[in-house]
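Single-structure report; data block below.
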Amino acid sequence: MCTVTFLPFPDNNTNFILTSNRDEASNRATIAPKIYQEKEADLIYPKDEVAGGTWIGASSKMRAICLMNGAFKAHKRKEKYKKSRGLVVKEFLASEDILNAIEGYAFEDIEPFTMVVVSWKAGVEIYKLIWDATKVHFVKLENRPHIWSASMTYDEEMKTKREKWFAAFIEKNKAKKITPEMIWKFHHETGAEDKNIGFVIDRGILKTTSITQFQHTQHGGIMRYENLLNGKETFIENF
């Protein structure tokens, strides 16, 4: 739930690529993506086997959501919260109207998080929601390339360095169309010389355990998932 990039396709106002590297305890079990039916919506997502939620998914309600751990800065975790943040992702994916769902949601006693919401009902619209344990911060963002790094894993210096890597990648490839495969490779290889700050980290029990990419095209949604612990990939088209 810790590194996310978003790239729009400049030649189509409903297409985009959303890619997430999940940093998690390597002994926390997960289930590869598949399609679920929940609350009259079709959802596609990898599942956290422990809490039953997810950190990234897409919905037949024409939206995709990605979650990161923490708000503006690292926080001290409580022993127990009323609900897993991954369940919030599923609820928002299945909601009929995401803006109304956010406005009326009871966030109290949920661990702080940062959430990226992408809707393509009327052209791509991208939002950032931050819950800091006391207040909801919800803003609409420009439809342009973005990168986010989770506050619980990366300090401000690390975030800035990763933002520079991303900016250099965009600048290097601005003369040609950036493909999903290029972003996939970027999420695997960037900063590989430093396992503490690179896109694929290894800090002992805390590792980058998987990479998930969702792309929306004129032919539908595509989700690609790789479990980095066992090397297995899942690829689902025409969602």
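Just a few scattered comments:
- Note on region 200-220: among residues that are buried (at least 21 other Cβ atoms within 10 Å of the Cβ) and out of contact with any Lys or Arg (no Cβ under 6 Å at 6 or more places or on another chain), the one that is farthest from ILE236 (Cα to Cα) is THR208.
- Residues of region 70-117 that turn out to be touching a strand residue (DSSP E or B) at 6+ places or on another chain (Cβ under 8 Å) and of a type in the set (A, V, I, L, M), as a count: 11
- Among residues of region 207-236, those that are closer than 12 Å to ASP23 by Cα and small (Gly, Ala, Ser), counted: 1
- Taking the criterion of being surrounded by 14 or more Cβ atoms within 10 Å (Cβ to Cβ) and out of contact with any Leu (no Cβ under 8 Å at 6 or more places or on another chain), the residues of region 89-98 that qualify are GLU91, PHE92, SER95, ILE98.
Yes/no matrix, rows are residues, columns are (1) touching a residue at least 12 places away in the same chain (Cβ under 8 Å); (2) open to solvent by 30 Å² or more (accessible area, probe 1.4 Å); (3) under 19 Å from ILE56 (Cβ atoms):
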| site | (1), (2), (3) |
| --- | --- |
| SER151 | yes, no, yes |
| ASN173 | no, no, no |
| LYS176 | no, yes, no |
| ILE183 | yes, no, yes |
| HIS187 | yes, no, yes |
| GLY198 | no, no, no |
| MET223 | yes, no, yes |
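- Each residue in region 23-80 was checked for being touching a residue at least 12 places away in the same chain (Cβ under 8 Å), open to solvent by less than 50 Å² (accessible area, probe 1.4 Å) and among the aromatic types (Phe, Trp, Tyr), and 2 of them qualify.
- Those residues of region 1-36 which are β-branched (Val, Ile, Thr) and part of a loop (DSSP other than H, G, I, E, B), in sequence order: THR14
- Strands (runs of 3 or more DSSP E) enclosed by region 116-192 - at least 1 residues per element that are more than 13 Å from THR3 (Cα to Cα) and in contact with a helix residue (DSSP H, G or I) (Cβ under 8 Å, 6 or more places away or on another chain): 125-131, 136-141
- Close contacts from region 204-218, counting a first residue that is closer than 17 Å to ARG63 by Cβ and a second that is at pLDDT 95 or above and of a type in the set (A, V, I, L, M), with Cβ to Cβ under 6 Å and a gap of 6+ residues or different chains, come to THR212/ILE56; PHE214/LEU18; PHE214/ALA58; PHE214/ALA64; PHE214/MET223; GLN215/ILE17; GLN215/ILE222.
The values are calculated or read from the model by the stated rules, or taken from the named source; none is laboratory data. Just so it is clear, the model here is predicted, and its values are computed rather than measured. Counting neighbours? That spans all protein chains shown, and the Cβs are built from the backbone with ideal geometry, glycine included. Quick note on the areas: whole protein, heavy atoms, side chains included, nothing else; ligands and nucleic acids left out. Shrake-Rupley method; radii C 1.70, N 1.55, O 1.52, S 1.80 Å.
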